[in-house]
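S.K.: Please find one structure pasted underneath; my questions will follow.
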Amino acid sequence: MFKLTEEQIRSELSGLQGWGVVNGKLHKDFVFDDFIQAFGFMCKAAMHIEKMNHHPEWFNVYNKISVDLVTHDAGGITQNDIALARTLNSLEK
């Protein structure tokens, strides 16, 4: 697993709605109608996350979930982070 270059990250971000890079990590804030919807999203996501064995840094307050993705072992953003961002976006709908 290799750290992506800045150019590779920019290219991948063009297809990842709502994601950006903040402090060297992929970042997105998911906002839902209420806590139940936010928590439901986290539960659905947890199943996929565990299968991928690639766990996000995330923080939930009421209807908002802030997610940061980085591969610590690689020292930056990798294809695993991109894949998880795509998965999370697909679950948002």
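The values are calculated or read from the model by the stated rules, or taken from the named source; none is laboratory data. It should be emphasised that the depicted structure is a prediction, and the values quoted were computed from it without experimental measurement. Every residue, glycine as well, gets a Cβ built from its backbone with ideal geometry; the counts of neighbours run over all protein chains shown. Areas reflect the complete protein model, heavy atoms only, side chains present, ligands, DNA and RNA absent. Shrake-Rupley method; radii C 1.70, N 1.55, O 1.52, S 1.80 Å.
S.K.: Among the residues of the range 71-93, which ones are surrounded by fewer than 12 Cβ atoms within 10 Å (Cβ to Cβ) and under 17 Å from Q17 (Cα atoms)?
M.R.: Result: S90, K93.
S.K.: Considering only residues of the range 37-70 that are open to solvent by 10 Å² or more (accessible area, probe 1.4 Å) and part of a strand (DSSP E or B), which is farthest from Q17 (Cα to Cα)?
M.R.: The selected residue is V61.
S.K.: Out of the range 26-36, which residues are open to solvent by 80 Å² or more (accessible area, probe 1.4 Å) and not in a helix (DSSP H, G or I)?
M.R.: Within the range 26-36, V31, D33 meet the criteria.
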